[in-house]
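Student: Below you'll find the structure I mean.
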Amino acid sequence: MHSSSEQFEIRDLHTHSERDDLLHLNNASARETSLLTAQRFAQLIDTASIALFVPPSAALLLAFAHCDEYDGTHFGWFRRRMDRFIYVDRIVVGAAWRRYGLARMLYREVFQQTAQRDLGRVVCEVNVEPPNPTSDAFHSSLGFEEVGRATIDGGAKTVRYLCAKLEPRA
């Protein structure tokens, strides 16, 4: 593990106009997320309740509230089963920036914003096929538990749906 994440700053992607490097960052991890055009990337950022990045282009996270107008397949799965949540659609950390705690730092911010909105849970999905053991271990360490599975793309991909419940606000 490298030095602490305290040297990094989370910024709001909604107000950041230089997005080309972040789009490249996303598309370099398309196997785990999905390939995006610049237009679709901008649309997702505009729609997302939470859109964060760590400069320069070290990491990004896009998350949607249950009430956002988002057409994602996995988001729809949660929307049909839960009433209030924040769905983490994608979190990407650049290869040169891994092991600095950036993903944990971004998730901590998502948990804080979810609690402030009194939404009760953070949800996401992780690939089972192709496997992503690093992501499995990471999400487990944050308190996520499996709440379902789905096989998509004609059997090419299987995902686990995960949920972390937040403590109710006092």
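Student: Out of the stretch 24-46, which residues are among the aliphatic types (A, V, I, L, M) and either touching a His at 6+ places or on another chain (Cβ under 7 Å) or in contact (Cβ under 8 Å) with a residue 60 or more places away in the chain (or both)? Walk me through how you get there before you give the answer.
Tutor: Taking the stretch 24-46 and keeping what is among the aliphatic types (A, V, I, L, M), we get 25, 28, 30, 35-36, 38, 42, 44-45.
Those that are among the aliphatic types (A, V, I, L, M) and either touching a His at 6+ places or on another chain (Cβ under 7 Å) or in contact (Cβ under 8 Å) with a residue 60 or more places away in the chain (or both): L25, A28, I45.
Student: Out of all the residues in the stretch 129-163, which are closer than 17 Å to R31 by Cα, free of Cβ contacts under 8 Å to residues at least 40 places away in the same chain and either of a type in the set (S, T, N, Q) or part of a strand (DSSP E or B) (or both)?
Tutor: If the condition is that a residue be closer than 17 Å to R31 by Cα, free of Cβ contacts under 8 Å to residues at least 40 places away in the same chain and either of a type in the set (S, T, N, Q) or part of a strand (DSSP E or B) (or both), then E129, T134, T151, K157, T158, R160 are the ones that fit.
Student: While we're here: Residue by residue through the stretch 57-81, note down the ones that are assigned to a helix (DSSP H, G or I) and at pLDDT below 95.
Tutor: Of the residues in the stretch 57-81, the ones assigned to a helix (DSSP H, G or I) are 73-81.
The answer is T73, H74.
Student: Under the condition of being over 24 Å from D118 (Cβ atoms) and free of Cβ contacts under 8 Å to residues at least 40 places away in the same chain, which residue from the stretch 47-81 is surrounded by the most Cβ atoms within 10 Å (Cβ to Cβ)? Before you say what the answer is, go through the steps one by one.
Tutor: Applying the first criterion (over 24 Å from D118 (Cβ atoms)) to the stretch 47-81 yields 53-60, 71, 73.
With the extra rule that they be free of Cβ contacts under 8 Å to residues at least 40 places away in the same chain, the set shrinks to 56-57, 71.
Details: P56: 10, S57: 19, D71: 8.
Among those residues, the one meeting the criterion is S57.
Student: Could you tell me which numbered condition F41 fails, if it satisfies all but one of (1) in a helix (DSSP H, G or I); (2) open to solvent by 10 Å² or more (accessible area, probe 1.4 Å)?
Tutor: (2)
Student: For the stretch 39-50, state whether one or more residues are of a type in the set (S, T, N, Q) and touching a Gly at 6+ places or on another chain (Cβ under 8 Å).
Tutor: To start, the set of residues in the stretch 39-50 that are of a type in the set (S, T, N, Q) comprises 39, 43, 47, 49.
Imposing the further condition that a residue be touching a Gly at 6+ places or on another chain (Cβ under 8 Å) reduces the set to none.
Checking the stretch 39-50: not a single residue is of a type in the set (S, T, N, Q) and touching a Gly at 6+ places or on another chain (Cβ under 8 Å).
Student: Regarding E125, is this residue surrounded by fewer than 20 Cβ atoms within 10 Å (Cβ to Cβ) and not in a loop (DSSP other than H, G, I, E, B)?
Tutor: Details: surrounded by fewer than 20 Cβ atoms within 10 Å (Cβ to Cβ): no; not in a loop (DSSP other than H, G, I, E, B): yes.
No.
Student: Considering only the stretch 69-104, state which residues are over 15 Å from A164 (Cβ atoms) and β-branched (V, I, T).
Tutor: Residues satisfying the conditions are T73, V92, V93.
Student: Additional query: Look through F64, F53, F78 and report the one residue that is under 15 Å from the mean Cα position of the chain (by Cα) and over 18 Å from V122 (Cβ atoms). Spell out the reasoning first.
Tutor: Working: F64 fails: over 18 Å from V122 (Cβ atoms); F78 fails: over 18 Å from V122 (Cβ atoms).
Step by step, each of F64, F53, F78 is checked, and only F53 is under 15 Å from the mean Cα position of the chain (by Cα) and over 18 Å from V122 (Cβ atoms).
Student: If you check R84, R104, which single one turns out to be at pLDDT 95 or above, of a type in the set (K, R) and assigned to a helix (DSSP H, G or I)? Please lay out each step first, then the result.
Tutor: Values: R84 fails: assigned to a helix (DSSP H, G or I).
Exactly one residue qualifies, and that residue is R104.
Student: From T134, T151, grab the single residue that is surrounded by fewer than 19 Cβ atoms within 10 Å (Cβ to Cβ), more than 16 Å from the chain's Cα centre (by Cα) and among the hydroxyl-bearing types (S, T, Y).
Tutor: On the way: T134 fails: more than 16 Å from the chain's Cα centre (by Cα).
Every option except T151 fails the conditions.
The values are calculated or read from the model by the stated rules, or taken from the named source; none is laboratory data. A quick note: this is a predicted structure, and the numbers were derived from the prediction, not measured. Don't worry about glycine lacking a Cβ; one is built from the backbone with ideal geometry, like all the others, and counts go over all protein chains shown. Keep in mind that these areas ignore ligands, DNA and RNA; they rest on the heavy atoms of the full protein, side chains included. Shrake-Rupley method; radii C 1.70, N 1.55, O 1.52, S 1.80 Å.
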